[in-house]
Amino acid sequence: MNEATDIGERNLLEFRANVLGLYLLIGSAVSVLITPLYFYVGINLLTAACAVYGMCMVLVAVLFRRGSLGLQAATDMFLLATVSACMCGLYLGDELVDNKSWQLVIPVAAFTVVGWRKGLLWCLCALGVALAIIVLRWPRHEMLSVLAMTLAYLTITAGLCAFNRHNETNIRTIARLSHTDPLTGVYNRQLLEELSNSEFKRSLRAEEPLAIYMLDIDHFKKFNDRYGHVAGDSALAAVATVIRNSARRASDLVFRYGGEEFCVVCSAIEEKDALTLADAIVEGVRAAGIVHADGENGVLTISVGLSHQARLVDTDAQRILESADVALYQAKQSGSELRRAESASRGWR
């Protein structure tokens, strides 16, 4: 279940990527507007700094949109350029052309694109540099405005830190709960298509084999009718535990497909190991010894359909899933007989 935390992290990264794109656009626009004003006032160094900042924003935006820069690298370049521009303005400015208010941009930008931990580090480092610059250039800055800037900066930093810390926790929790089946603790069907496609694409790029299993508890309706739905829920949870304990690799993803059906997606797994895993699941459920008077040998059993693709050519995740479903149907129809389909699927019972 290593993907459980990744779901929330992926949502956070998507949010930060969207915010970063917006900030790059705003930074470019602000630079275009402010540069002529500094030029008109006659502060050549600030004019040059603002122009360079604008060019950095445009460059990072282009490289990020094209995929030449990853989110982490683009974020670091954006923050470094923003902090540098703010510090340059603070060093070159004075009370007539005051740039202390621009320092308040730093905590807003940092917390929303890198999270509360790294954001707090960026903010504290930037504040330390700003105060050092003010001390070095003391005659140019009035003490009251310096104090006001520092208090405002710390207030915004503390508030955004607390808010983002709470918000990130909520995003991770909501993402995990929205993609997890509450009864069995495995992923739900809502996430199956997304993760199966992502695993397919990853396996295709890495030229690795991929296996998809469809699993169905045998005669589960009769089990519910005889023992009740509370016992049925307990049986589903027990079967899910067996499947999770069998599919232990980091790349093994377990889903509740619906009702008494489960699905397992395994990347980078050879056919021999895929067969072993299928046998382990079947034997594990049987060994759990869940009493079922209408089941084989008086215990609950499970049927498994497996579609293993050694090479992902002329196919997609949906076709492999359908192939596994066909194999599951064959397993249901053939009892304990092992059948081979043209799609290289196999069914067990």
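For region 119-139, the candidate set comprises residues that are in contact with a Phe, Trp or Tyr (Cβ under 9 Å, 6 or more places away or on another chain) and open to solvent by 30 Å² or more (accessible area, probe 1.4 Å); within that set, the residue that is farthest from Gly42 (Cα to Cα) is Leu120. Filter region 248-257 down to the residues that are in contact with a helix residue (DSSP H, G or I) (Cβ under 6 Å, 6 or more places away or on another chain) and not β-branched (Val, Ile, Thr), then identify the one that is farthest from Val326 (Cα to Cα). Top of the filtered list is Leu253. In region 17-33, the residues that are among the β-branched types (Val, Ile, Thr) form Cβ pairs under 7 Å with partners that are open to solvent by less than 20 Å² (accessible area, probe 1.4 Å), at six or more places apart or across chains, as follows: Val19/Val113; Val32/Gly54. Can you tell me which residue within region 143-169, out of those that are open to solvent by 60 Å² or more (accessible area, probe 1.4 Å) and under 21 Å from the mean Cα position of the chain (by Cα), is nearest to Phe262 (Cα to Cα)? Among residues in region 143-169 that are open to solvent by 60 Å² or more (accessible area, probe 1.4 Å) and under 21 Å from the mean Cα position of the chain (by Cα), the one nearest to Phe262 (Cα to Cα) is Thr169. Note on region 277-313: residues that are more than 24 Å from Ala324 (Cα to Cα), assigned to a loop (DSSP other than H, G, I, E, B) and among the β-branched types (Val, Ile, Thr) total 1.
Count of region 51-66 residues, restricted to those that are open to solvent by 70 Å² or more (accessible area, probe 1.4 Å) and within 23 Å of the chain's Cα centre (by Cα), is 2. Of all the residues in region 216-235, those that are in contact with a helix residue (DSSP H, G or I) (Cβ under 8 Å, 6 or more places away or on another chain) and either of a type in the set (D, E, K, R) or within 11 Å of Val285 (Cα to Cα) (or both) number 4. Inside region 100-118, can you point out the residues that are under 24 Å from Gly42 (Cα atoms) and in contact (Cβ under 8 Å) with a residue 40 or more places away in the chain? Across region 100-118, the qualifying residues are Lys100, Ser101, Gln103. Of the candidates Phe163, Phe200, Phe223, the single residue that is aromatic (Phe, Trp, Tyr), at pLDDT below 80 and in a helix (DSSP H, G or I) is Phe200.
No other residue among Phe39, Phe15 is under 30 Å from Arg256 (Cβ atoms) and among the hydrophobic types (A, V, I, L, M, F, W, C) apart from Phe15. When every residue of region 199-209 is checked against the conditions, none turns out to be out of contact with any helix residue (DSSP H, G or I) (no Cβ under 7 Å at 6 or more places or on another chain) and within 23 Å of Asn297 (Cα to Cα). When each of Ala268, Ala341, Ala317, Ala293 is tested for being modelled with pLDDT of 85 or more, small (Gly, Ala, Ser) and at negative phi, the lone residue that passes is Ala293.
The rows are residues; the columns are (1) open to solvent by less than 10 Å² (accessible area, probe 1.4 Å); (2) assigned to a helix (DSSP H, G or I).
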position	(1), (2)
Leu204	no, yes
Ala211	yes, no
Leu215	yes, no
Asp233	no, yes
Leu236	yes, yes
Arg249	no, no
Cys263	yes, no
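The residue list Thr112, Thr150, Thr155, Thr180 contains one member that is closer than 16 Å to Arg16 by Cβ and either modelled with pLDDT of 90 or more or out of contact with any Gly (no Cβ under 7 Å at 6 or more places or on another chain) (or both), which is Thr112. Taking the conditions (1) touching a Phe, Trp or Tyr at 6+ places or on another chain (Cβ under 7 Å); (2) touching a residue at least 24 places away in the same chain (Cβ under 8 Å) in turn, Gly93 satisfies each one other than (1). So for region 181-188 (the condition being under 30 Å from Glu270 (Cα atoms) and among the hydroxyl-bearing types (Ser, Thr, Tyr)), does at least one residue qualify? Taking every residue of region 181-188 in turn, at least one turns out to be under 30 Å from Glu270 (Cα atoms) and among the hydroxyl-bearing types (Ser, Thr, Tyr).
The values are calculated or read from the model by the stated rules, or taken from the named source; none is laboratory data. Model, not experiment: these values are computed from the prediction. Methodologically, a virtual Cβ is constructed for each residue, glycine included, from the backbone with ideal geometry; neighbour enumeration extends over all protein chains shown. These area figures cover heavy atoms from the full protein model, side chains too; ligands, DNA and RNA do not enter into them. Shrake-Rupley method; radii C 1.70, N 1.55, O 1.52, S 1.80 Å.
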